[in-house]
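All remarks here apply to the structure that follows.
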Amino acid sequence: MNVLIVSAEAFPFAKVGGLADVIGSLPAALIAQGVDARVLMPGYGLIPHSKYAIHHQFSYNFDHRQGRSEVHVYMCIYQGVTFYFLQGWPYFGQESSVYTEFSWDMPRFIWFNQAAMAFLWELRARLNWMPDVVNVNDWHTGLLPFMIAYERWKSDWKHLATVTTIHNIAYSGNYAGGFLFQAGIPGRDDWRARRYGLTDNMLGISVSYSDMISTVSPRYAQEIQHPYAGYELAELIRERRDDLRGILNGLDVKLWNPSTDPKLFQNFDADNCAELRIENKRQLQRSMGLRQDDNVLLVGMVSRLAWQKGFDLAVPALRRALSEFEIQVVILGTGEYAIERDVESLARQFPDKARAYLTFDGAVAQQIYGGCDLFLMPSHFEPCGMGQMIAMRYGALPLVRETGGLADTVQNYDDGQADEGTGFVFQQEEARAVYNTLRWALATYHQRPQAWQRMQDRAMRQDFSWERSAREYMALYRRASDKRPR
């Protein structure tokens, strides 16, 4: 089976969020299962061609309402995966950031969808390769399922199946109508898109016209069928629930490996965690200027500082806990100005107990994962989440809200001998709930150390590799392909 994965981001070339991590890992896992998986993405100007041996493959012209575009196709093979990059002035090729502002991102990603359709034809004509399935991701590539469906009366296109993967439905590419008209995109007449008023919503168009739909965790697939999580797309998603699959994201277990991670002060694994991991905690305390104490509970957060991540719940809960208990807190991340100020204020209020680093440093992030005792992730919503999986792999027990992928990956402590549990879970979107769960975790840490160690061992042995997820994607692709005539 041939699969073309189309995305606005892919690690290591262009990364803003978790989308890049998925596209950077899934294709290799699919190839290991026998799929010829390739990736198509914009050729941003920020991507260093020499670093990844990216070279020119071919160029072509395509006509559209606003004129003729000359498109340059570049490619490289990275870790066994073929990546294609599309450049075309003035849309892609000179920018220094992945995203800009709505008024420019919308027309340039519409152009990218148009250029990608022409690319599919050129790929077949020049390289004799055609996908059986096109897997688009989020709103940026959401026109492709519609454009492919629009061409299915032609024999060259009728077999081509489409899959839409939703990574974060909160960003749906709404209000695209004027831009679509300007670009010459035909009217979208699917009855579902029309019924739910989504003919000008990029992700809504994609969901309406795709053969199958997936999202990045089973729980999130249920949540987005309801308005509190699915927003304006909830009714459409519910209409297509029989074609919806929730497939949990995996981790690159070679990259996120505490036994080989060069950023850690001391490498360790599940077998020797009890003896060796403590050195990472000591060194993290030292590097952060905190008092070295093996017995104090060290709480870590590595996160984008955004409302979604639950900082309005975390900061008041941490402030109360820091004032009442002997704990330490380390927070790493950047984001919304107001949240940055709240986190800074917390660190200033407790200079001997808390540290805030308002930047992103990959080495420090891994040292927090490898050194903290408890990893706090109280998200309002979380389609999948990687932080909690990395934390568990690195021996830090997660404290999470029961939502999305957090609910799918973290098993709540049984409040006993830890016959069950890989962390601590709460439900209510309240600072009090975070505080009470912190207090519960603190009591467990001090009063039931053996239970803590049993959970730690179980968490580190969880299988979060991409192998299982890749098998589920293969089944998804087969299901989509079966819907198309051979």
Item to check | In segment 208-226, the residues that are within 20 Å of the chain's Cα centre (by Cα) and without any contact (Cβ under 8 Å) to a residue 60 or more places away in the chain | outcome: ILE213, ALA221, GLN222, ILE224, GLN225
Next on the checklist: List pairs: first residue in segment 448-461 and buried (at least 19 other Cβ atoms within 10 Å of the Cβ), second residue in a loop (DSSP other than H, G, I, E, B) and among the hydroxyl-bearing types (Ser, Thr, Tyr) anywhere in the structure, Cβ distance under 8 angstrom, at least six positions apart or on different chains.
Outcome noted: ALA451/TYR413; MET455/TYR413; MET455/THR422; ARG458/THR422; ALA459/THR422; MET460/TYR394
Checklist entry - Pairs under 6 Å by beta carbon, first residue in the same structural domain as VAL216 (by TED's automatic domain parsing) in segment 227-244, partner in a helix (DSSP H, G or I) and aliphatic (A, V, I, L, M), six or more apart or different chains? => result PRO227/ALA234; GLY230/ILE237; LEU236/VAL207; LEU244/ALA221
Next on the checklist: Being under 23 Å from ARG282 (Cα atoms), touching a Ser or Thr at 6+ places or on another chain (Cβ under 6 Å), surrounded by 16 or more Cβ atoms within 10 Å (Cβ to Cβ) and in the same structural domain as LEU442 (by TED's automatic domain parsing) is the requirement here; does GLY405 meet it?
Outcome noted: no
Checklist entry - So which of PHE83, PHE62, PHE58, PHE112 ends up being of a type in the set (Phe, Trp, Tyr), in the same structural domain as GLY173 (by TED's automatic domain parsing), within 26 Å of the chain's Cα centre (by Cα) and outside any helix (DSSP H, G or I)? => result PHE83
Checklist entry - How many of the residues in segment 246-281 are in a helix (DSSP H, G or I) and without any contact (Cβ under 8 Å) to a residue 24 or more places away in the chain? => result 4
Checklist outcome for this item: Scanning segment 282-303 for residues that are of a type in the set (Lys, Arg) and assigned to a loop (DSSP other than H, G, I, E, B) gives ARG291
Checklist entry - Would a scan of segment 10-25 turn up a residue that is touching a Gly at 6+ places or on another chain (Cβ under 6 Å) and either in the same structural domain as LEU86 (by TED's automatic domain parsing) or acidic (Asp, Glu) (or both)? => result yes
Next on the checklist: Every residue in segment 86-109 that is part of a loop (DSSP other than H, G, I, E, B), out of contact with any strand residue (DSSP E or B) (no Cβ under 7 Å at 6 or more places or on another chain) and among the small types (Gly, Ala, Ser), please.
Outcome noted: SER96, SER97
Checklist entry - Which of the residues that make up segment 9-33 are among the hydrophobic types (A, V, I, L, M, F, W, C), surrounded by fewer than 24 Cβ atoms within 10 Å (Cβ to Cβ), in a loop (DSSP other than H, G, I, E, B) and touching a residue at least 60 places away in the same chain (Cβ under 8 Å)? => result VAL16
Checklist entry - Inside segment 76-87, can you point out the residues that are free of Cβ contacts under 8 Å to residues at least 40 places away in the same chain and either of a type in the set (Lys, Arg) or out of contact with any Phe, Trp or Tyr (no Cβ under 7 Å at 6 or more places or on another chain) (or both)? => result ILE77
Next on the checklist: Restricting to segment 408-432, name every residue that is touching a strand residue (DSSP E or B) at 6+ places or on another chain (Cβ under 9 Å), under 13 Å from PRO378 (Cβ atoms) and small (Gly, Ala, Ser).
Outcome noted: GLY423
Item to check | Matching residues, segment 304-329, being assigned to a helix (DSSP H, G or I) and polar (S, T, N, Q) | outcome: GLN308, SER323
Checklist entry - All but one of (1) closer than 21 Å to LEU322 by Cα; (2) in contact with a helix residue (DSSP H, G or I) (Cβ under 7 Å, 6 or more places away or on another chain) hold for GLN453; which doesn't? => result (1)
Item to check | Number of the exception - LYS353 against (1) closer than 23 Å to GLY18 by Cα; (2) in contact with a helix residue (DSSP H, G or I) (Cβ under 9 Å, 6 or more places away or on another chain); (3) not aliphatic (A, V, I, L, M) | outcome: (1)
Checklist entry - Among the candidates ALA451, ALA391, ALA441, which residue alone is within 30 Å of THR165 (Cβ to Cβ), part of a helix (DSSP H, G or I) and in the same structural domain as ASP373 (by TED's automatic domain parsing)? => result ALA391
Item to check | Flag for ASP414 being assigned to a loop (DSSP other than H, G, I, E, B), in contact (Cβ under 8 Å) with a residue 60 or more places away in the chain, in the same structural domain as LEU298 (by TED's automatic domain parsing) and out of contact with any Phe, Trp or Tyr (no Cβ under 9 Å at 6 or more places or on another chain) | outcome: no
Checklist entry - Is it true that some residue in segment 295-303 is surrounded by fewer than 16 Cβ atoms within 10 Å (Cβ to Cβ) and over 24 Å from the mean Cα position of the chain (by Cα)? => result yes
Checklist entry - Considering TYR435, TYR477, which residue is in contact with a helix residue (DSSP H, G or I) (Cβ under 8 Å, 6 or more places away or on another chain) and either of a type in the set (Ser, Thr, Tyr) or not assigned by TED's automatic domain parsing to the domain that holds HIS380 (or both)? => result TYR435
Item to check | Extreme residue, surrounded by the fewest Cβ atoms within 10 Å (Cβ to Cβ), among residues of segment 243-271 that are in contact with a strand residue (DSSP E or B) (Cβ under 6 Å, 6 or more places away or on another chain) and of a type outside the set (Gly, Ala, Ser) | outcome: VAL253
Checklist entry - Any chance segment 338-349 includes a residue that's part of a loop (DSSP other than H, G, I, E, B) and over 23 Å from GLN456 (Cβ atoms)? => result no
Checklist entry - Quick check, is LYS15 among the basic types (Lys, Arg) and within 18 Å of the chain's Cα centre (by Cα)? => result yes
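The values are calculated or read from the model by the stated rules, or taken from the named source; none is laboratory data. Model, not experiment: these values are computed from the prediction. Cβ sites come from the backbone with ideal geometry, for glycine too, and all protein chains shown count toward neighbours.
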